[in-house]
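Undergrad: Please find one structure pasted underneath; my questions will follow.
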Amino acid sequence: MSRLRSLFTGIFVFFSLIAIADEGMWIPLLLERMNEKEMKSLGMKISAKDIYNINKGSLKDAIVNFGGFCTGEVISSKGLVVTNHHCGFDAIQNHSTLDHNYIRDGFWAKNYGEELSNPGLYVTFIVRIEDVSKQVLNGVTAALAENERQSIVDKNINELRKNIKKESYQDAFVRGFFEANQYYLFVTETYRDVRLVGAPPSSIGNFGKDTDNWIWPRHTGDFSMFRIYAGKDNKPADYSVDNVPYTPKRSLSISLDGAAEGDFTMVFGFPGRTTEYLPAVAVQQIMEVNDPAKIAIRDKALAVIDGFMRKDEQIKIQYAEKYALIANAWKKWQGEVLGLASTNAVDKKKTYEAEFQKRVNANPQWKGQYGNLLSDLEAAYNEFRPYGLARDYYLEITGKIELFTIAGQLNSLRNTKNNGTKNAYSEALAKTKEKLEGLYKEYSPQVDRSLFEVLMEMYVKDKIVSPLVLEQLKAANNDFPRWTDQLYSGEELTAGNKVMAALEQNPAEFLERTKTDKACVLYNDIAATYNSAIAPRLNEIQGRINKLQRTYMQAQMEVMKEKKFYPDANSTLRLTYGKVKGYTAKDAVRYDYYTYLDGVMEKYIPGDYEFDVPKKLRELYNSKDYGQYGKNGKLPVCFIASNHTTGGNSGSPALDAWGNLIGLNFDRTWEGTMSDINFDPSICRNIMVDIRYVLFIIDKYAEAGWLTREMKLVHPKKK
């Protein structure tokens, strides 16, 4: 009986990996062939052509890549775009001062003229998608070395792009899918005049801040609003006062009916990166080595920054976004480790691999091609392990110490001056000045030296360490505070006004002087150690892993015929679908699928950094003045569903069965953050702010009804 039970358990685990209806990030071009039937069986009321169509306006024409890091959607015929508060945060922060603190107080334009321009911010539409695998892989064979293969691929892509049929104002790129076994072309239109229209105060847009981040239940009104402007011909144009609001091919209608448990939902956007097809050895390495190391480093960095932010309002403004960015991944990795462990992800991978190997061994042709594939992958990942850890230490630590960032910028500029052309140096000088000006605007030497002190103590624990670091530390009697004082005392690069003045007045002389600057010399040695002792071995092993992973991907698609494969996320347009439903987080803990404004008030702590609530919102709650956005005397705030999302999906529209906007995706549940590596339908949920809460904040709280009047509000469930 024991052996029989084990057999049935193995069969159940294997088939649970094969058939997961909620899993997948699907290419819109292929929905009609691969997904439409299943989507309709789950409750979808529209067709695949309503979602993706190049001959007439479809849902894809309302979806934008927001700034290259998030997703947004067009919600009016006048180019109004909504995305997450955290996606618009940099723009909000850049317009904030102590006198006009839009982070704390929010911002609402009262008309077009008050909308604020944002240099560098852009949105990109996808015009069409084409399968170009045959053209890109022409001449590629399995016998080629990775660099030879890539050279042929690059040459083919360059040739392909020369002959793409597109308008002069359009662009195009090609991206690899299924570990570069397939390639797709994307023709795009990018608009670079994007203006801030409105944003709630952070006490609404980022309610709960770090404590609630990645956690369900959530009560966050995570949204901000922008408007796309175009030339008078409705084509992309650089910022100009003469530009007019963009008229889209399609804008989203907004449902006031909300979502009920079991409702079909879709999320349409630009997911960043997933690695769903890694072997068990790689997943185990992430879970036991890399994630714990990065978590420990960020523990230290966050403690330092938080200590200063709580004492100084100016530092809070300067470091709010940096703190949020550091904390975001830090907490995500903790949930990732928890989720991988609680769902036995490694063991499930091993069960899947055992079945794969069994099938391969039973087929002489497959055995010749793929027989040693898994063992070769395991050997490569084991060899990769110490170098991957050293990489994480180097990148995490040097990336948090901004004195090193400044030194790196100046070292790079100096190298361009000495080795590049005159034009290359002029361009690099302008870019460096722009980057450093932005950095110094949000820089505190006091915070930075504290970060150096605690993080460099962690750096020296790694096995591959800069000789100069050890030498300087020894000279300071292994006393990190003393070493920090020696480095930062009189350090010229911490004075932003002096550095910017020097780069403006006599950059050549300044760059020559910084050759012997303490910070530049130290950073150079740390970088040189990484580039000589770590990066070459890392790249060599990674090249082998890439080839093995590509072969493994190809082998899985060939051997595991009953599995419907989707490509890993790579920042291209994808659609995922699932259902609204709660989940069981752990023993005796069952979560519902909706939250309400009542929960905001239950969490309310007067004057608290994370859980304060604006007076006006409290008054609206007490009077139950919810307008058409409430339901049964309650105001919905957030909800969850089983859509497969990741970073880049922030701001993506949550759509109902008819394709109407019902919410904005902004997060995942903590227990399910491992969905980037191993999607498990039992606990993987995406978190969305209900669009009715967004409309309530705009209309009732901000009294910006001129914006809601632009939108098309519908009641699809009353048909």
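Undergrad: Within the bounds of the stretch 43-61, is there any residue that is surrounded by fewer than 18 Cβ atoms within 10 Å (Cβ to Cβ) and among the aromatic types (Phe, Trp, Tyr)?
TA: No, the conditions are met nowhere in the stretch 43-61.
Undergrad: Hand me the list of strands (runs of 3 or more DSSP E) wholly inside the stretch 601-719 holding 3 or more residues that are of a type in the set (A, V, I, L, M, F, W, C).
TA: Numbers: elements: 636-641, 653-655, 661-668, 686-690.
The strands (runs of 3 or more DSSP E) meeting that bar are 636-641, 661-668, 686-690.
Undergrad: Can you run down the residue pairs with Cβ atoms below 9 Å, 6 or more apart or on separate chains, where the first is in the stretch 73-101 and not assigned by TED's automatic domain parsing to the domain that holds residue 220 and acidic (Asp, Glu) and the partner is assigned to a loop (DSSP other than H, G, I, E, B) and modelled with pLDDT of 95 or more?
TA: Partner pairs satisfying both residue conditions: none exist.
Undergrad: I'd like the residue in the stretch 130-172 that is touching a strand residue (DSSP E or B) at 6+ places or on another chain (Cβ under 6 Å) and among the β-branched types (Val, Ile, Thr) and, out of all such residues, is modelled with the lowest pLDDT.
TA: 164
Undergrad: Collect the residues in the stretch 134-167 that are part of a loop (DSSP other than H, G, I, E, B), in contact (Cβ under 8 Å) with a residue 12 or more places away in the chain and among the polar types (S, T, N, Q), keeping them in residue-number order.
TA: Within the stretch 134-167, 138 is the sole residue that qualifies.
Undergrad: Contact list please: Cβ distance under 8 Å, first residue in the stretch 348-366 and in contact (Cβ under 8 Å) with a residue 24 or more places away in the chain and not assigned by TED's automatic domain parsing to the domain that holds residue 678, second residue surrounded by 14 or more Cβ atoms within 10 Å (Cβ to Cβ) and among the aromatic types (Phe, Trp, Tyr), pairs at least six apart or on different chains.
TA: 351/14; 352/14; 355/14; 359/366; 360/366; 360/370
Undergrad: Which condition does residue 358 not pass, out of (1) farther than 30 Å from residue 449 by Cα; (2) buried (at least 20 other Cβ atoms within 10 Å of the Cβ), if it passes all the others?
TA: Of everything listed in (1) farther than 30 Å from residue 449 by Cα; (2) buried (at least 20 other Cβ atoms within 10 Å of the Cβ), residue 358 misses just condition (2).
Undergrad: Restricting the search to the stretch 25-68, which residues are of a type in the set (Val, Ile, Thr) and outside any loop (DSSP other than H, G, I, E, B)? If you could, list the steps in order and put the result at the bottom.
TA: Kept after step one, since they are of a type in the set (Val, Ile, Thr), are these residues of the stretch 25-68: 27, 46, 51, 54, 63-64.
Answer for the stretch 25-68, where residues must be of a type in the set (Val, Ile, Thr) and outside any loop (DSSP other than H, G, I, E, B): 51, 63, 64.
Undergrad: Conditions first: (1) in contact with a His (Cβ under 7 Å, 6 or more places away or on another chain); (2) closer than 30 Å to residue 274 by Cβ. Residue 575 passes all but one, so which condition is the exception?
TA: Here residue 575 meets the rest and fails (1).
Undergrad: Specify the residue that is surrounded by the fewest Cβ atoms within 10 Å (Cβ to Cβ); the eligible residues are those in the stretch 575-608 that are acidic (Asp, Glu) and without any contact (Cβ under 8 Å) to a residue 40 or more places away in the chain.
TA: Our first condition is that a residue be acidic (Asp, Glu); within the stretch 575-608, this holds for 587, 592, 598, 602, 608.
Right, trim to without any contact (Cβ under 8 Å) to a residue 40 or more places away in the chain and you get 587, 598, 602, 608.
On the way: 587: 5, 598: 13, 602: 11, 608: 13.
If we take residues in the stretch 575-608 being acidic (Asp, Glu) and without any contact (Cβ under 8 Å) to a residue 40 or more places away in the chain, then 587 is surrounded by the fewest Cβ atoms within 10 Å (Cβ to Cβ).
Undergrad: For the subset of the stretch 168-189 comprising residues that are assigned to a loop (DSSP other than H, G, I, E, B) and touching a Pro at 6+ places or on another chain (Cβ under 6 Å), which member is nearest to residue 272 (Cα to Cα)?
TA: Ranking the qualifying residues of the stretch 168-189, first place goes to 178.
Undergrad: Let me ask something else. So for the stretch 305-324 (the condition being in the same structural domain as residue 351 (by TED's automatic domain parsing), modelled with pLDDT under 95, out of contact with any Pro (no Cβ under 7 Å at 6 or more places or on another chain) and within 18 Å of residue 665 (Cα to Cα)), does at least one residue qualify?
TA: So far as the stretch 305-324 goes, yes, one or more of its residues are in the same structural domain as residue 351 (by TED's automatic domain parsing), modelled with pLDDT under 95, out of contact with any Pro (no Cβ under 7 Å at 6 or more places or on another chain) and within 18 Å of residue 665 (Cα to Cα).
Undergrad: Further question: Go through (1) of a type outside the set (Ser, Thr, Tyr); (2) closer than 22 Å to residue 225 by Cα; (3) touching a His at 6+ places or on another chain (Cβ under 7 Å) one by one and return the number of the condition residue 702 breaks.
TA: (3)
Undergrad: For the stretch 504-550: of the residues being touching a residue at least 40 places away in the same chain (Cβ under 8 Å) and basic (Lys, Arg), which is surrounded by the fewest Cβ atoms within 10 Å (Cβ to Cβ)?
TA: 515
Undergrad: So which of 349, 331 ends up being over 21 Å from the mean Cα position of the chain (by Cα), assigned to a helix (DSSP H, G or I), crowded, with 18+ Cβ neighbours inside 10 Å and among the basic types (Lys, Arg)?
TA: Values: 331 fails: over 21 Å from the mean Cα position of the chain (by Cα).
When all the criteria are applied, what remains is 349.
The values are calculated or read from the model by the stated rules, or taken from the named source; none is laboratory data. What you see is a predicted model, and the numbers here were worked out from it, not measured in a lab. When we count neighbours, we look across all protein chains shown, and the Cβ atoms used for this are built from the backbone with ideal geometry, even at glycine.
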